[in-house]
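Down below is the structure, laid out as structure tokens.
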Amino acid sequence: MRKLAVFVTSVLALLLNAGCQTSMGTDFTKVKPGMEKAEVLDIMGTPQRTQRWRGMDRWTYIYYERELREEREVHFDGGKAAYVGAKFVPPVSAEQQDVINEASNREVEDRIRRQREEASRQLENYEGELRGTESNPGYVPTFDPVQ
């Protein structure tokens, strides 16, 4: 009876432990760019995370082996795998992109400011020309520059 209890306990422990462990990318090596979504699902199963990113479907598979956690991704473009590999990290972070954009934003703002100043000067010149002509009835409405 004791042997049966030990056997049942061992089988239960083995089954519970097997459900918690995934092989570290052994199936992932079979996934290749150009594969259809259905093929990837057949090989890998359901991804742990899916999202739409930059016009592509992005599937994330997470593997655990003891204390090691690894993420692998498959990106689909038009239903076919376009990227297969480690978690994709953009070449530039959002903060770095903000710094890059700051200079071009200042240039655009300066250009718009100069255009507004030029338009204001042109309006003043035009109004001055109208006031200086003899055919002018003497009334020229004043306009605020359009913002």
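Read the figures in this text as sums done on the coordinates, not as results from a lab. Just so it is clear, the structure is predicted and the values come from calculations on it, not from any experiment. Every residue, glycine as well, gets a Cβ built from its backbone with ideal geometry; the counts of neighbours run over all protein chains shown.
Shown here for the stretch 30-135: trypsin sites (Lys or Arg not before Pro) in loop regions (DSSP other than H, G, I, E, B) with at most 15 other Cβ atoms within 10 Å, namely 54, 66, 87. Pop a pseudo-label 7 angstrom from the Cα along the beta-carbon direction at both residue 144 and residue 69 and give the gap in nm to one decimal. Spacing of the two 7 Å Cα→Cβ label points: 5.6 nm.
Applied to the stretch 59-66, the Karplus parametrisation 6.51 cos²θ - 1.76 cosθ + 1.60 on θ = phi - 60° returns per-residue 3J(HN,Hα) values of 9, 10, 10, 10, 10, 10, 9, 6 Hz, with x for Gly and Pro. Based on the Cβ-Cβ distance of residue 39 and residue 113, what FRET efficiency does E = 1/(1 + (r/R0)^6) give at R0 = 35 Å, to the nearest 0.05? For R0 = 35 Å, the calculated efficiency reads 0.05.
Full extension of the chain segment joining residue 29 with residue 1 gains 5.5 nm, where the gain is 0.36 nm per residue of separation less the Cα-Cα distance.
Give me the aspartates and glutamates in straight-line cross-link reach of residue 32: C-alpha distance below 12 Å, same-chain residues under 8 apart excluded. Candidates past the 8-residue exclusion: 73. For the stretch 38-134, the list of GluC sites (Glu not before Pro) that fall in a loop by DSSP and count at most 15 other C-beta atoms within 10 angstrom reads 67, 134.
In the stretch 49-147, the alpha-carbon atoms span a convex hull of 182 Å³ per residue.
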